[in-house]
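Undergrad: Sending over a structure as structure tokens; questions will come in a sec.
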Amino acid sequence: MLLSVWMAGTSVANATEYPLPPPDSRLIGENTTFTVQNNGKPLEDVAARFQIGLLGMLEANPGVDPYLPKPGTVLTIPTQMLLPDAPREGIVINLAEMRLFYYPKGQSKVVVYPIGIGQLGRNTPEMVTSVSQPIANPTWTPTANIRKHYKAEGITLPAVVPAGPENPMGLFALRLSAQGGVYLIHGTNANFGIGMRVSSGCIRLRPDDIEALFKTVPKGTRVQIVNAPVKVSVEPDGKRYVEVHQPLSRTEKDDPQTMHIALKPAAKKFADSQLTDKLVFDEAVKRRSGMPVIVNHGQEVKSEPETNAVKITQAKATSTSATE
């Protein structure tokens, strides 16, 4: 399946749309490459250009400096992926890969957006819910716990932050019905944090992305949030794929690149199959590239050097732009 990308201006993509594969297939897109320019911009600039989260770029390109990538470096752009193991309906969010998948009703396509999610200790919960309220120009009402957290760092938050450029929720939001409506899918007033754990539990998107969602997602849309660092698929042509992302750390001492990943029953059955090359599967779990890897017997998989460079994106983040 070919990746379709519509560009705004000369650099920033507004949406990444993929033709929906048949029901017995989950593989979409194709990876591509990009050569770092000598413009002094961080890796986030390239990530935004291709609608990728920062962690996704680092998983695919271990060892690359996220602050100042070396000019001339050829980056892998991870735009091939497996759809999550969830109904192809409404919005599906996979926390581990920090992506949002939107299946427009009656259309044979899926739109994929990178997201920011809850910080360590303020995790975005797994749930099945729905969009209860679209909100244009939202205000932000920090909870008592959020105000307490910021006060401990010397920052006094107002009871309500009015709509506008200083509002960390951006210009658009979709309130979720679960748990009293405290969780939202919303924008941001900062140009960082997408593909990272930066919020206080909400789901954060780049400004253009949340605007597109706001205009196309109706009230009542089903929303499912899962946490699946390992995705597997047996494609119609017999190829067996595994896609592995760094798991979400549970404590500050966890290293997402090396911590154990407990396989769910479907992934374990896939790994234990006689048709799966277990050595290649285990190597993919160890590497955690965030990209689909063929694990049939007889398939050669290029080995890449180990690195801990990605760890920084999993660290607990604090910012005056932290979300609700």
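The values are calculated or read from the model by the stated rules, or taken from the named source; none is laboratory data. Bear in mind the structure is a predicted one, so any value in this text is a computation, not a measurement. Cβ coordinates were reconstructed from backbone atoms using ideal geometry, including for glycine residues, and neighbour counts include every protein chain displayed. Heads up: the accessible areas ignore ligands, DNA and RNA and are worked out on the full protein's heavy atoms, side chains in. Shrake-Rupley method; radii C 1.70, N 1.55, O 1.52, S 1.80 Å.
Undergrad: Checking the condition at pLDDT 95 or above and assigned to a loop (DSSP other than H, G, I, E, B), which residue from Thr258, Thr323 passes? Lay out the reasoning, then the answer.
TA: Details: Thr323 fails: at pLDDT 95 or above.
Residue meeting the stated conditions: Thr258.
Undergrad: List every residue pair whose Cβ atoms lie under 7 Å apart, where the two residues are 6 or more positions apart in sequence or sit on different chains, the first residue falls within the stretch 106-117 and is among the basic types (Lys, Arg), and the second residue, located anywhere, is assigned to a strand (DSSP E or B) and open to solvent by 10 Å² or more (accessible area, probe 1.4 Å).
TA: Lys109/Glu17; Lys109/Pro19
Undergrad: Sticking with this one: Any idea which residue in the stretch 273-291 is most open to solvent (accessible area, probe 1.4 Å), counting only those that are assigned to a helix (DSSP H, G or I) and out of contact with any helix residue (DSSP H, G or I) (no Cβ under 7 Å at 6 or more places or on another chain)?
TA: First pass over the stretch 273-291, keeping only residues assigned to a helix (DSSP H, G or I): 278-287.
Those still in the list that are out of contact with any helix residue (DSSP H, G or I) (no Cβ under 7 Å at 6 or more places or on another chain) too: 279-280, 282-287.
Numbers: Leu279: 142, Val280: 23, Asp282: 67, Glu283: 77, Ala284: 12, Val285: 26, Lys286: 105, Arg287: 38 Å².
If we take residues in the stretch 273-291 being assigned to a helix (DSSP H, G or I) and out of contact with any helix residue (DSSP H, G or I) (no Cβ under 7 Å at 6 or more places or on another chain), then Leu279 is most open to solvent (accessible area, probe 1.4 Å).
Undergrad: Kindly indicate whether Ile194 is in a helix (DSSP H, G or I), surrounded by 16 or more Cβ atoms within 10 Å (Cβ to Cβ) and of a type in the set (Val, Ile, Thr). First the steps, then the outcome.
TA: Working: in a helix (DSSP H, G or I): no; surrounded by 16 or more Cβ atoms within 10 Å (Cβ to Cβ): yes; of a type in the set (Val, Ile, Thr): yes.
No.
Undergrad: May I pose another question? Which residue pairs have Cβ atoms closer than 9 Å, lie 6 or more positions apart in sequence or on different chains, and pair a first residue in the stretch 231-246 that is of a type in the set (Phe, Trp, Tyr) with a second residue that is outside any strand (DSSP E or B)?
TA: Between residues of the stretch 231-246 that are of a type in the set (Phe, Trp, Tyr) and residues that are outside any strand (DSSP E or B), the close pairs are Tyr241/Arg26; Tyr241/Glu235; Tyr241/Val295.
Undergrad: Determine which member of the set Lys231, Lys268, Lys253, Lys264 is in contact with a strand residue (DSSP E or B) (Cβ under 8 Å, 6 or more places away or on another chain), open to solvent by 70 Å² or more (accessible area, probe 1.4 Å) and within 29 Å of Leu120 (Cα to Cα).
TA: Details: Lys231 fails: open to solvent by 70 Å² or more (accessible area, probe 1.4 Å); Lys268 fails: in contact with a strand residue (DSSP E or B) (Cβ under 8 Å, 6 or more places away or on another chain); Lys253 fails: in contact with a strand residue (DSSP E or B) (Cβ under 8 Å, 6 or more places away or on another chain).
Exactly one of Lys231, Lys268, Lys253, Lys264 is in contact with a strand residue (DSSP E or B) (Cβ under 8 Å, 6 or more places away or on another chain), open to solvent by 70 Å² or more (accessible area, probe 1.4 Å) and within 29 Å of Leu120 (Cα to Cα), namely Lys264.
Undergrad: Considering each of Val223, Val244, Val217 in turn, give the residue that is touching a Lys or Arg at 6+ places or on another chain (Cβ under 9 Å) and surrounded by 14 or more Cβ atoms within 10 Å (Cβ to Cβ).
TA: Sole residue among the options that is touching a Lys or Arg at 6+ places or on another chain (Cβ under 9 Å) and surrounded by 14 or more Cβ atoms within 10 Å (Cβ to Cβ): Val244.
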